[in-house]
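In what follows, a structure is listed as structure tokens, so that the remarks can point back to it.
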Amino acid sequence: MRDRPDPVEPGPDQESVWDYPRPPRLETVERRLRVVHNDTVIADTREGWRVLETSHPPNYYFPPDDVVSEHLERRAERGSLCEWKGRAHYYDLVLEDERVEEVAWGYDDPTDRFEPLTGAIAFYAHKIDEAWVGDERAEPQPGHFYGGWITSDVVGPFKGEPGTGHW
């Protein structure tokens, strides 16, 4: 990882994203996760997961039963391939007079390692009004390609910041 700045030293109760593994690890999340847009709760769970990958803040996934599916519309024409999780599909958020394109993604048939994510949905924090981990409002991972949520318990530098494309 050439020209990468030195990782920030984590404080008490913090994790460095540079200690996260590659390939990524899947963990259950004990804290409440929420997604709110235009004052509408889109997702709310206490049974979520997070994916931890070197240089990235966690991506958070919601069980499908904890997402208000009437507000999501699957995009048939869009997909991508993650070398670790498999083929992803995307969702638009549809509220009364608003459509937010490609606000979330998920996997119908993830790789064996990520099988618990079958049907789960992850949201891009930069496309929604509020992403919550416990009582803390998360910030989006830099760069519009990435879906990590930054909270005070993770330190970087984070992939997606200017000059990090070669990491």
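Close amide H pairs (under 5 Å, H built 1.01 Å from N) link Ala104 with Tyr91, Tyr124, residues at least 5 positions away or on another chain.
Please state, rounded to one decimal and in Å, the Kirkwood hydrodynamic radius that the chain gives when every pair of distinct Cα atoms enters the mean of 1/r.
Details: mean 1/r = 0.0615 Å⁻¹.
Mean inverse Cα-Cα distance, inverted, gives 16.2 Å.
The gain in end-to-end length when the Arg78 to Thr118 segment is fully stretched comes to 12.6 nm, 0.36 nm per residue minus the alpha carbon separation.
So which GluC sites (Glu not before Pro) in segment 67-104 pass both tests, a DSSP loop state and at most 11 other Cβ atoms within 10 Å of the Cβ?
Hits after loop and neighbour filter: Glu83, Glu96.
Taken along the Cα-to-beta-carbon direction at a fixed 7 Å, the label points for Asp97 and Arg137 span 2.3 nm. Ranked by the mean number of other Cβ atoms within 10 Å of their residues, highest first, the peptides 57-69, 30-42 fall in the order 57-69, 30-42. Dividing the convex hull volume of the alpha carbon atoms of segment 1-82 by its residue count gives 168 Å³ per residue.
May I ask you to sort Lys159, Lys127 by Cβ crowding, counting other Cβ atoms within 10 Å and putting the fewest first?
Details: Lys159 22, Lys127 19.
Fewest-to-most ranking of Lys159, Lys127: Lys127, Lys159.
No value in this document is a laboratory result; all are computed from the given coordinates. All of these numbers come straight from a predicted model, not from anything done at the bench. Ideal geometry is used to build each Cβ from the backbone, glycine not excepted, and the neighbour counts take in all protein chains shown.
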